[in-house]
Structures are given as structure tokens and as C-alpha cells.
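Trainee: Please read through the structure below; I'll follow up with questions.
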Amino acid sequence: MKEEDYMRMALSLARRGLGTTSPNPMVGAVLVKGKRIVGKGYHKKAGFPHAEVIAINDAKEEAKGATLFINLEPCVHTGRTPPCVDAVISAGIKKVVVSMLDPNPLVNGKGVEALRKAGIDVKVGLLEGDAKKLNESFIVSMEKKRPFITMKAAVSLDGKIATKTCDSKWISNEESRRFVNKMRSVMDGIMVGINTVISDNPLLAPKVLKPKKIPIRIILDSKLRIPLSCDVVKTAEKYKTWIFTSEDARLDKETRLKSLGLEVIRIPKDDNGRVSLKHVCDELYKRDIQALLVEGGGEINSGLLKEGLLDKIFLFYAPIIIGGKNALNLVGGKGIDFLRDAHKVDIVAVKRFKEDIFVEAYVHRDY
């Protein structure tokens, strides 16, 4: 096997932690001696042992003189667990191959430096692109101090997310919806606007058996218009729910919502009188929300694009045409005047869910 094969194995191991390691990154480790794999492991959950420690324990005395393949630089700071660099050095590992440096400023480059000072041969950059995509939420959280935001929507071929009467169930097919529910079960949070709650009455919880996690339900509701009879309110004792509202919203409604198990968070408004998306992201970052799925309507999608807060897009195109100028669009707002100002995206995957066409894309950045 080549070095790339061992690193792919480490990345595959790391992926097993999808949905359970946040706010920590996903990390996998493989220990190789000669041509034998003598130890392997992955980080399962925040607060649990890190991947390299598990691999070292798996290898036992065979770790001495081995090469460690790991998709993220070993940590040098004490958090919920001791520094992994110390464990690597103590185990007598002779070489460490790392995909990428840790973007956490407490670690960034310091882990590699400590290993080299201890006389360990370190190679950085193997399959770096794959490693960065795997931990894209963690990277954005560390570098931009906000969640990694994915917009998901089911749309008709003419870009509508609902009819003029707000009918949207169901635009996408059952296979697409099954995929979405799996996606929800690895997210830290699911966010919608109040109009979506009022028109669709969504549960905002993954409908799968034994989900990896239950994401926090996040609702933007500037005036606390949320109906007390909606499913989100009725299930608040079961599923953690946060409502972001304005500083001048009704106190009596807040008191009632809190008594039903919801948390109400007051933040400043933007120029349009809605809760500020920037302040929402600031608060979500403080609360360790890294991977955020947005399933809202055209106004929230427009706001995220305008503020430069949207990172990724998942679209499920159904083979239907809705039509009508009053039907709901994927992106609302005022729109642009000139094509040169259009938001560009980089499409990375297109596939079929039976008759539906799924498009995965990243919002293009020029920096």
C-alpha cells in the first residue's frame, strides 16, 4: 500500500465521527510498521480520547518506530483531554504524516513544531483537499467565528419552492426526503424563518431510526408570531428549540414560550427590521453550532447570500413547473440589476434520486 492508501484509511475512519464529534473535528489515525497496520482509531465524541491516542493504545508496544497517518495535526493544548503530541512522542513514533494543519489558533503549526523538536520526521499536506472538505464546518468555525451554513431546498425546474398558496408538500420525492433526513441527523442545528413555521408547520427533526444526533431547532421570529399550537412548540420539551427575536418583541409571549420549554434569545434587528443574521451567527458560534442546515424560505436565503454567510447549497430539482409571479422563489429580496452582480456557485456534484436531480454546490468566493 502507498502512503495515500493509509491516509485514505485514516480519512475513512475519521468520517465515522460525522455528527458526533462537534464542536471537535473528525479525526482518524492509522499506525503502520513496515507494511503492517499495527493500530488504528478515530475520535468518536467530544470529551472522548482522540484518534491518535486510540491508535497508539491499539498498537501497544508496536507503536514504537511506527509511522502515524492522521488527517489533522495532533493537538498541543489541554482541553477535555491531554495533548496528543505528548502521547505520540512518548510512544516512540518515528514519523508522522499529516493531511492538514489544525486551524484552531491554539494548535495551528504548534503540533508539527513540537513533533519535529522531538526528532520526529513530519510530512504535511497529503490529501489535504480531502481533509479540508471532511472538516469544512470545523474550519469555517475556527477561521470565521461562525457556523458553516448549508442552504437546502426542494425546487421546481423554474426555481419555485411553493405555489402562490404556499403549498409545498411535496415538491421532492420520497427518496430525496430520505436523504435529507439522514443529512439532518448529522447537523448541529436546523434553522428556518417564522414564515416557514406558519405556512408549513414543520417538525424540524430527523425522521430516521436512531439518528446520530438531534439537531437544535432554530427559528428566526422578530415579532414572536410563532403559534403556540404549532408542532415546534408542542414538541419543545422533547427537542431543544431556540427562538431568535428582536429586543422589543412581546415579553408576555416570551414568558409563555419559556414555560413551554423553548429558549428565547433577543438580538438586534437589521436595517429591514428583522433579526440580524450576523448577530444570529455570532450567538450560534458562541453556542458551539458548527454545521447549520437552513431550510427556510426566499427571504432568509436572500439575507444569507447578501451578508456573505452562506457556504454550501443542496438543491433537489423536481421535474415540475409551478409558474406564477406570486409563487414563492428560492431566493427572495430585491434581487440584482445586472448579471455581473449575480451570486456565483461552484457545482461539485450532480446526481439523481429517481426523477429528482440533486445539485451540491459551494457559494463561490474570490478570496
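Trainee: Run through the DSSP bridge list for the chain and note the antiparallel percent, rounded to the nearest 5.
Mentor: Numbers: 27 of 63 bridges.
In the chain, DSSP labels about 45 percent of beta bridges as antiparallel.
Trainee: How large is the charge dipole for the chain, taken about the Cα centre, if only the Cβ atoms of Lys, Arg (+1) and Asp, Glu (-1) carry charge, to the nearest 20 debye?
Mentor: 820 debye
Trainee: Loop sites only, by DSSP: take the GluC sites (Glu not before Pro) in the chain that have at most 12 other C-beta atoms within 10 Å and name the longest stretch containing none of them.
Mentor: The reported range is 1-236.
Trainee: Out of Val280, Ile198, Gly47, whose Cα points farthest toward the positive end of the dipole of the chain (charges: +1 Lys, Arg; -1 Asp, Glu; placed on Cβ)?
Mentor: Gly47
Trainee: Roughly how much of Ser90 is accessible, in Å² to the nearest 10, using a 1.4 Å probe?
Mentor: 100 Å²
Trainee: Which sequence of Val38, Val76 reflects their accessible areas, 1.4 Å probe, from the largest down? Walk me through the numbers on the way to the answer.
Mentor: Values: Val38 20, Val76 45 Å².
Most to least solvent-accessible, the answer reads Val76, Val38.
Trainee: Normalising by the residue count of the stretch 13-54, find the relative contact order in percent from Cα pairs under 8 Å and 6+ residues apart.
Mentor: On the way: 79 pairs, mean separation 16.1, N = 42.
So the answer I get is 38 percent.
Trainee: Rank these residues by their accessible area, most exposed first, probe 1.4 Å: Ile139, Ile37.
Mentor: From most accessible down to least: Ile37, Ile139.
Trainee: Still on this structure: How much accessible surface does Asp288 have with a 1.4 Å probe, in Å² rounded to 10?
Mentor: 80 Å²
Trainee: Roughly how many Å² of Arg225 are accessible to a 1.4 Å probe, to the nearest 10?
Mentor: 110 Å²
Trainee: To continue, here is another question. What whole-number value in cubic angstrom gives the convex hull volume per residue for the C-alpha atoms of the stretch 1-109? Please list the in-between numbers first.
Mentor: Values: hull volume 9.2 nm³, N = 109.
Enclosed volume per residue, from the Cα hull, is 84 Å³.
Trainee: Give me the distance between the Cα centres of the stretch 214-254 and the stretch 158-197, rounded to whole Å.
Mentor: 19 Å
Trainee: Over 22 Å between C-alpha atoms is what I'm after, so list which of Lys40/Lys210; Lys212/Lys306; Lys269/Lys334; Lys325/Lys351 land there.
Mentor: Where the Cα-Cα span goes over 22 Å, the pairs concerned are Lys40/Lys210; Lys212/Lys306; Lys325/Lys351.
Trainee: What residue among Asn108, Asn272, Asn24 shows peak mean-square fluctuation when the chain is described by a Gaussian network model with Cα springs under 10 Å?
Mentor: In this elastic network of the chain, the residue with the biggest mean-square fluctuation among Asn108, Asn272, Asn24 is Asn272.
Trainee: From the Cα gyration tensor of the chain, with a ≥ b ≥ c the square roots of its eigenvalues, which class applies: rounded if a/c is under 1.5, or else prolate if a/b is larger than b/c, or else oblate?
Mentor: prolate
Trainee: Given the pairs Lys152/Lys258; Lys44/Lys152; Lys44/Lys169; Lys278/Lys354; Lys44/Lys123; Lys35/Lys110, which are separated by over 31 angstrom at their Cα positions?
Mentor: Lys44/Lys169; Lys278/Lys354
Trainee: Given the DSSP H assignment, sum -39500 (n - 2.57) over each helix run of at least 4 residues in the chain and divide by its residue total; what's the result at 222 nm in deg cm²/dmol, nearest 500?
Mentor: Value at 222 nm, helices only, nearest 500: -8000 deg cm²/dmol.
Trainee: Another question, if that's okay. With a ≥ b ≥ c the root eigenvalues of the C-alpha gyration tensor of the stretch 161-265, is it rounded (a/c under 1.5), prolate (a/b larger than b/c) or oblate?
Mentor: oblate
Trainee: Whenever you get a sec, compute what percent of the accessible area on the stretch 115-247 sits on carbon and sulfur atoms (1.4 Å probe).
Mentor: 51 percent
Trainee: Would you please report the Å³ per residue occupied by the convex hull of the alpha carbon atoms in the stretch 88-174?
Mentor: Roughly 164 Å³ of hull volume per residue.
Trainee: Leaving out ligands and nucleic acids, and using a 1.4 Å probe, what accessible area per residue does the chain come to in Å²?
Mentor: Details: 18220 Å² over 367 residues.
Ligands and nucleic acids excluded, the figure is 50 Å² per residue.
The values are calculated or read from the model by the stated rules, or taken from the named source; none is laboratory data. The shown structure was predicted, so the numbers you read here are calculated from the model rather than taken from an experiment. As a convention, Cβ positions derive from the backbone with ideal geometry for all residues, glycine included, and neighbour counts pool all protein chains shown. These area figures cover heavy atoms from the full protein model, side chains too; ligands, DNA and RNA do not enter into them. Shrake-Rupley method; radii C 1.70, N 1.55, O 1.52, S 1.80 Å.
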